[in-house]
1. For a Förster distance of 30 Å, can you work out the FRET efficiency between the beta-carbons of GLU74 and LYS11, rounded to the nearest 0.05?
2. Show me 53-62, 7-16 ranked by packing, highest mean number of other Cβ atoms within 10 Å first.
3. Cut-off 10 angstrom, C-alpha nodes, Gaussian network model of the chain. Which of SER63, SER52, SER41 fluctuates the most?
4. Take every Cα-Cα pair in the chain and report what % of them are more than 19 Å apart.
5. Per residue of the range 3-14, in order, report the coupling 6.51 cos²θ - 1.76 cosθ + 1.60 (Karplus, θ = phi - 60°) as ³J(HN,Hα) in whole Hz, putting x for Gly and Pro.
6. Taking amide H positions as placed 1.01 Å from N in the peptide plane, with prolines and chain starts having none, which residues 5 or more places from GLY57, or on another chain, fall under 5 Å of its amide H?
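Every number in this text was worked out from the coordinates using simple rules, so none of it is lab data. Given the structure is predicted, the values throughout are model-derived calculations rather than measurements. As a convention, Cβ positions derive from the backbone with ideal geometry for all residues, glycine included, and neighbour counts pool all protein chains shown.
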Amino acid sequence: MITDGDDNSSKLSPDHAIHRVQDMQGPILYSIGLMFGGSESRHAKRDLRALSSETGGISFLPSSLKDIDSVAAEVGP
């Protein structure tokens, strides 16, 4: 999942989404958060970390666009 962290139309809270994915016994979620500042990004980063780790995945939070290539290389060949 790649996101800018803005919640445009979620119907579930982050905790409810995590439990729903866990109840489905999959999928494993890997997230890339393209959030480069602002206090609102702290909450989005926390939610991405939780969603990824609670489903067995990893959250990547690059600090700038310059880091995107290295993140992409780590996520997939």
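1. Working from the Cβ atoms, E equals 0.45.
2. Final packing ranking: 53-62, 7-16.
3. Sorting by GNM fluctuation, first place goes to SER63.
4. 35 percent
5. Running phi through 6.51 cos²θ - 1.76 cosθ + 1.60 with θ = phi - 60° gives 9, 8, x, 6, 8, 8, 6, 5, 9, 10, 6, x Hz.
6. Amide H neighbours of GLY57: LEU29.
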